[in-house]
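Presented below is the structure to which this report refers.
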Amino acid sequence: MTPGDAEQPPQTGLALLVIRALGVVALVIGASAALFFGLGRVGDAPLVIADAPDEEEQAAPEEEPEPEPEPEPEPEPEPEPEPEPEPEPEPEPEPEPEPEPEPEPEPEPEPGEPEEPEEPEEPTPDRIDPSTVSVQVLDGYQADGGAAAGGVARELEQAGYRIIARNPALRYDVTTVLWTAGFEEAGRQIAADIGAPEAREQPGNLSPSVMVHVVVGADRG
C-alpha cells in the first residue's frame, strides 16, 4: 500500500469498488443480451440454397463482330470536255466589179468633108432676148460692202443682160425688180431669172432711159 493510498479515506475506495463491480455486471448483461438476440435471428432466418449458375450465364459473352467498313464511294466521272466550236467559214471575197467598157471612139470625119457648124440656140419665142434689155443694179443692203449686189450683177451678165450701171440705194429688206413703163415683160423675166420676190413698176424717181432697175435687198446678204 502506497503512501497516497493510505492518505485516501476508506469510503472513497469502497465507492470505486462498487462502481467497478457494476460496470462488470453491465458488460456481462450486455454481452448476454447481444448473444441471445443474435442466435434468435439466426434461427428465424430461412435456409436459402443458391441455384447453380446457368450455362448461358457461365458462358462468356460472344464478341460482337466488327462492322464491315463502308465501301468507298466511286469517284464521279470527269465531265467530257465541250467540243471546240467550229471555226467560222471565211467570207467569200467579193467579186471584183467588171470594168466598164471603154466608149467607142467617134469616127473621125473623112478628109474633104467640111464639119457642119453647130446652130446657135434660138431664144424661146415667149422670152425676150436678154441682150436687148438694159439693167441698172442698185445696192439696197450695203452692209457687206456691195458683195451681194456684185453677185446679182454677175448673175445677170452671165444670163446675157446688159448691165449699164451699179449704184447705192435706200435700204430694202427684199430684192425688188422695178421696170420702167413699157418694159413690164422684161422686168418680170428678170425677176423670174434671179428669183426676186417682188416686181413692180418704178415710182418715177429712177432713170427712164434704163429698162429695168434691180434693187438688191438684205435677203441676199
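In the stretch 135-151, which residue that is of a type outside the set (S, T, N, Q) and in a strand (DSSP E or B) is farthest from the chain's Cα centre (by Cα)? Step through it out loud before you land on a result.
Going through the stretch 135-151, the residues of a type outside the set (S, T, N, Q) turn out to be 135, 137-141, 143-151.
Remaining after also requiring in a strand (DSSP E or B): 135, 137-139.
Details: Val135: 67, Val137: 62, Leu138: 62, Asp139: 59 Å.
Here the answer is Val135.
Each row is one residue, and each column tells you yes or no for (1) open to solvent by less than 60 Å² (accessible area, probe 1.4 Å); (2) among the β-branched types (Val, Ile, Thr); (3) at pLDDT below 75; (4) under 30 Å from Thr180 (Cβ atoms).
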site: Pro77; (1), (2), (3), (4): no, no, yes, no
site: Glu108; (1), (2), (3), (4): no, no, yes, no
site: Gly146; (1), (2), (3), (4): yes, no, no, yes
site: Gln158; (1), (2), (3), (4): no, no, no, yes
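Is it the case that Val152 is in contact with a Pro (Cβ under 6 Å, 6 or more places away or on another chain), touching a residue at least 40 places away in the same chain (Cβ under 8 Å) and among the β-branched types (Val, Ile, Thr)? No: the conditions fail for Val152.
Could you check the stretch 148-176 and list, in sequence order, the residues that are on the phi > 0 side of the Ramachandran plot and aromatic (Phe, Trp, Tyr)? Steps first, please.
We begin by selecting, within the stretch 148-176, every residue on the phi > 0 side of the Ramachandran plot; these are 160.
Across the stretch 148-176, there are no qualifying residues.
Scanning the stretch 153-182 for residues that are among the hydrophobic types (A, V, I, L, M, F, W, C) and either in contact with a Ser or Thr (Cβ under 7 Å, 6 or more places away or on another chain) or over 19 Å from Ala192 (Cβ atoms) (or both) yields a total of 5. Scanning the stretch 175-200 for residues that are part of a strand (DSSP E or B) and over 18 Å from Asp219 (Cβ atoms) yields one hit, Trp179. For the stretch 119-128, indicate whether the set of residues that are modelled with pLDDT of 95 or more and touching a strand residue (DSSP E or B) at 6+ places or on another chain (Cβ under 9 Å) is non-empty. No: zero hits. Within the stretch 163-179, the set of residues being surrounded by 18 or more Cβ atoms within 10 Å (Cβ to Cβ) and more than 20 Å from Pro130 (Cα to Cα) comprises Ala169, Tyr172.
The values are calculated or read from the model by the stated rules, or taken from the named source; none is laboratory data. In this text the structure is predicted, and so the values were computed from the model without any measurement. Glycine also receives a Cβ, built like all others from the backbone with ideal geometry; neighbour counts cover every protein chain displayed. With ligands, DNA and RNA removed, areas are computed over all heavy atoms of the protein, side chains included. Shrake-Rupley method; radii C 1.70, N 1.55, O 1.52, S 1.80 Å.
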